[in-house]
Amino acid sequence: MTLVQLRHLLSLARTGSFSRSAAESFLTQPALSRSIRALEDELGQALFDRVGRRSEVTPFGREVVEYARGIVGAADDLRESGAKTARGERGTLRIGLGSGPGALLMTPLLMHMATRHPRLRLEISRGRTDLLERSLRERSVDALVVDARSLVPAPDLRATQSHETRGSFLCRRGHPLARKRGGVTFAQVREYPIASTPLSDEVARVLVERYGPEAHPASCVTLRCEEIPSLVELTRNTDTVLIAIRAAGTDLHELAMRPALDLTARFAIVTLAGRSEAPALPIVRRLVNEILQDA
């Protein structure tokens, strides 16, 4: 038996008329008769007595109708549940954010979900890219937004929707280096505390290429943590120089380095290759696209 047959059964039980039920179901009357007859053949019992022009449910038919109501109702609930999940009206979405994406996305993402999708449960994880990768493979998060440069390429990972944002040396407005004319050398930057999140090998390579071995993060960074907002706040209130994406500290002064840093971060959404995405992930994709395009 099929859900379609059970729906035909319920319609006929309600109307008592093959012609009316056929019209409601957008069927010909012979097609509806064949559907009911096939259901009766499968169950081995008559479901309707034909009394003149009216069809009355048999005692066995009444039992089947009750079962059918439950089955069809459950199927409708499942369909509606799927539709609500796809619209972001229910379900759970678990996102892992790297430090750079977290600085740009976490607050807007939380606000968007609270105002637009209040019934959707959002769980955000923060941490190093390698730890987030492990969480993705263990299926404890549904997707990551990380700097693709820090991602170790692997066949089971799928990185999409890449956006580039510029990296900079940042300091507070009024910092002694902000008053330098003609650009700032890395030697001058090293006279102050240097802060950053953990930087990828690619970023370290570029820093060394531009400014020499002393610019390797392992040598020059004196203040390091995963939370860019904390580092930005530190930079606002001290003489610390922050190495970060420019968009993370829009109120900070960007140092004109000599030579220019000319470095970008490439943020991407990472999922497991060959696996179905979380139904609500398109919501995050749209929001990430809007925010990172502006950044």
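The values are calculated or read from the model by the stated rules, or taken from the named source; none is laboratory data. Predicted model only: the values in this text are computed from it and were never measured. No Cβ is skipped: glycine too gets one built from the backbone with ideal geometry, and neighbour counts run over all protein chains shown.
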Looking at the structure I just gave you, is Ser276 surrounded by fewer than 16 Cβ atoms within 10 Å (Cβ to Cβ), within 26 Å of Ile95 (Cα to Cα) and not assigned by TED's automatic domain parsing to the domain that holds Met113? no
Could you list all residues from segment 11-59 that are among the hydrophobic types (A, V, I, L, M, F, W, C), in contact with a Lys or Arg (Cβ under 9 Å, 6 or more places away or on another chain) and surrounded by fewer than 16 Cβ atoms within 10 Å (Cβ to Cβ)? none
Here is a check on your reading of the model: is Arg205 free of Cβ contacts under 8 Å to residues at least 40 places away in the same chain, closer than 16 Å to Cys220 by Cα and either in a loop (DSSP other than H, G, I, E, B) or among the basic types (Lys, Arg) (or both)? yes
If you take the residues in segment 224-239 that are in contact with a Lys or Arg (Cβ under 8 Å, 6 or more places away or on another chain) and among the hydroxyl-bearing types (Ser, Thr, Tyr), which one is farthest from Thr107 (Cα to Cα)? Thr238
Test: Val145 is more than 28 Å from Asn237 (Cα to Cα) and surrounded by fewer than 16 Cβ atoms within 10 Å (Cβ to Cβ): no
Quick check on this structure: which one of Glu66, Glu40, Glu56, Glu24 is touching a Ser or Thr at 6+ places or on another chain (Cβ under 7 Å) and among the charged types (D, E, K, R)? Glu24
Please work out which residue is surrounded by the fewest Cβ atoms within 10 Å (Cβ to Cβ), limiting yourself to segment 208-230 and to residues that are in contact (Cβ under 8 Å) with a residue 12 or more places away in the chain, part of a helix (DSSP H, G or I) and of a type in the set (A, V, I, L, M). Ala218
Could you list, ordered by first residue, the pairs with Cβ atoms under 7 Å in which the first is in segment 257-283 and of a type in the set (S, T, N, Q) and the second is in a loop (DSSP other than H, G, I, E, B) and modelled with pLDDT under 90, at least 6 apart or interchain? Thr271/Glu277
So which residues in segment 55-88 are modelled with pLDDT of 90 or more and not in a helix (DSSP H, G or I)? Ser55, Glu56, Val57, Thr58
